[in-house]
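The structure appears below as structure tokens.
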Amino acid sequence: MKLGIVGKGGVGKTTVSALLADAYAATGRRVVAIDTDSNPNLGFSLGLTAEETEAVPPLPRSVIVGARGDLTVDDVIDDYGRTTPAGVTLLSAIKVTQAGGGCTCGGHATVRSLLSETLDGRADVTLIDMEAGLEHLSRSGGTLAHADILLVVMEPSRKAVITAARTVQLAAELGIPAVLGLGNKAEQPADVELFGELCAEHGVRLAGVIPFDADIAAANRAGARLGASEAAPVRDELDRVVTLLDDVLVASSV
Ligand SMILES: Nc1ncnc2c1ncn2[C@@H]1O[C@H](COP(=O)(O)OP(=O)(O)OP(=O)(O)O)[C@@H](O)[C@H]1O
Ligand SMILES: [Mg+2]
């Protein structure tokens, strides 16, 4: 499964990526997580220290991945992947290392090429934590064109749901088989209801709603690993989402 985690700035993409990666790893699946933030920080949430996160080597730009390309899938994972305490292999794709170093298109091209390959030999689940915005769908070819499922993370706000609705449309144009919204940071029952109403109004299929959790907020403040201390409602909802996404994958590939 190739699963792109997208959405507006600050809605919780990195948090959800880490929680889901951890949930998948806990079921014994091999997980590769790709951080496409130009300022990578997924490593913290998977349990790496600041120094270790900083030391994850960025993937080379504009590389063709594949048996006849510049690097094979095994080269990418063995040479650039780092195993994290969460048991997830982390790749850093689009780190900006130099001011004025040009656009990040080449990094997106490498991710697109990697995702176009069959990754089954190395990963049961490949999760892509996208940088905010819709550029991964608009840029030539679409960084996530070969994703199986996009999960659009949303805060309880109309703006976030409208962004999800736009994403559904663009993703369909790119031929991505399934796009679902995932509510996050719900603080009260009214937020859960709001997600339901807005998603129905805007034609977004809702995968679930992750509650606001003080331990998640505290772990993020400290730059600490996620997935160990969340309250039962968060874990239960993640388990439901994992099961639903398996069903969606099967349904969209027949
Ligand atoms: N379920 C949650 N409960 C509590 N806090 C949360 C939850 N999800 C996200 N947050 C908080 O929201 C903030 C943004 O989260 P995160 O960095 O995951 O968002 P993002 O979408 O990846 O942001 P960016 O667009 O900058 O990449 C963080 O402070 C995080 O602690
Ligand atoms: Mg992020």
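The values are calculated or read from the model by the stated rules, or taken from the named source; none is laboratory data. Computed from a prediction, not measured in an experiment: that's the story for all the values here. Please note: Cβ atoms are built from the backbone with ideal geometry, for glycine as well, and neighbour counts cover all protein chains shown. Heads up: the accessible areas ignore ligands, DNA and RNA and are worked out on the full protein's heavy atoms, side chains in. Shrake-Rupley method; radii C 1.70, N 1.55, O 1.52, S 1.80 Å.
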Where only protein heavy atoms count, and the probe is 1.4 Å, what is the accessible area per residue for the chain in Å²?
43
With the charge dipole of the chain built from beta-carbon charges (+1 for Lys and Arg, -1 for Asp and Glu) about the Cα centre, the Cα from L127, V192, L144 projecting farthest to the positive end belongs to L144
Which parts of segment 215-250 would a label at A26 reach, counting a residue when its backbone N lies under 14 Å from a point 7 Å out along Cα-to-Cβ?
216, 226-243
Residue separation times 0.36 nm, minus the C-alpha to C-alpha distance between A232 and S38: what's the value?
66.6 nm
Just read off the accessible area of M1 with the full protein assembly in place, 1.4 Å probe, to the nearest 10 Å².
30
Nearest 20 debye, what's the magnitude of the dipole of segment 127-254 about its Cα centre given +1 on Lys and Arg Cβ and -1 on Asp and Glu Cβ?
320
Karplus ³J(HN,Hα) for segment 179-191 (6.51 cos²θ - 1.76 cosθ + 1.60, θ = phi - 60°; Hz, whole; x = Gly/Pro) runs 9, 10, x, 10, x, 9, 6, 6, 9, 8, x, 4, 5
Net charge, L194 excluded, C-beta distance under 15 Å - Lys, Arg +1, Asp, Glu -1:
-3
May I ask you to order 238-249, 60-71, 79-90 by the average number of other C-beta atoms within 10 Å around their residues, highest value first?
79-90, 238-249, 60-71
With Cβ to Cβ distances under 9 Å as the rule, what net charge do the other residues near V234 carry (K, R +1; D, E -1)?
-4
What does the charge add up to near T72, with Lys and Arg as +1, Asp and Glu as -1, over the other residues with Cβ less than 13 Å from its Cβ?
-4
By how many nm would the segment from A200 to E51 lengthen if fully extended, with 0.36 nm per residue of separation less the alpha-carbon distance?
49.2 nm
Rg followed by Dmax, in Å, when the chain is reduced to its Cα trace
17.0, 53
Taking protein heavy atoms only, a 1.4 Å probe, and rounding to whole percent, the accessible area of segment 2-252 owed to carbon and sulfur comes out at 50
Folded to 0 to 90 degrees: helix 13-26 orientation relative to the chain principal axis, Cα
80
Can you pull the one-decimal nm distance between simple spin-label points at D78 and D247, each 7 Å off the Cα toward Cβ?
4.0
Is there a quick way to get the dipole size of the chain? I mean about its Cα centre, with the Cβ of Lys and Arg at +1 and of Asp and Glu at -1; what is the value in debye to the nearest 20?
500
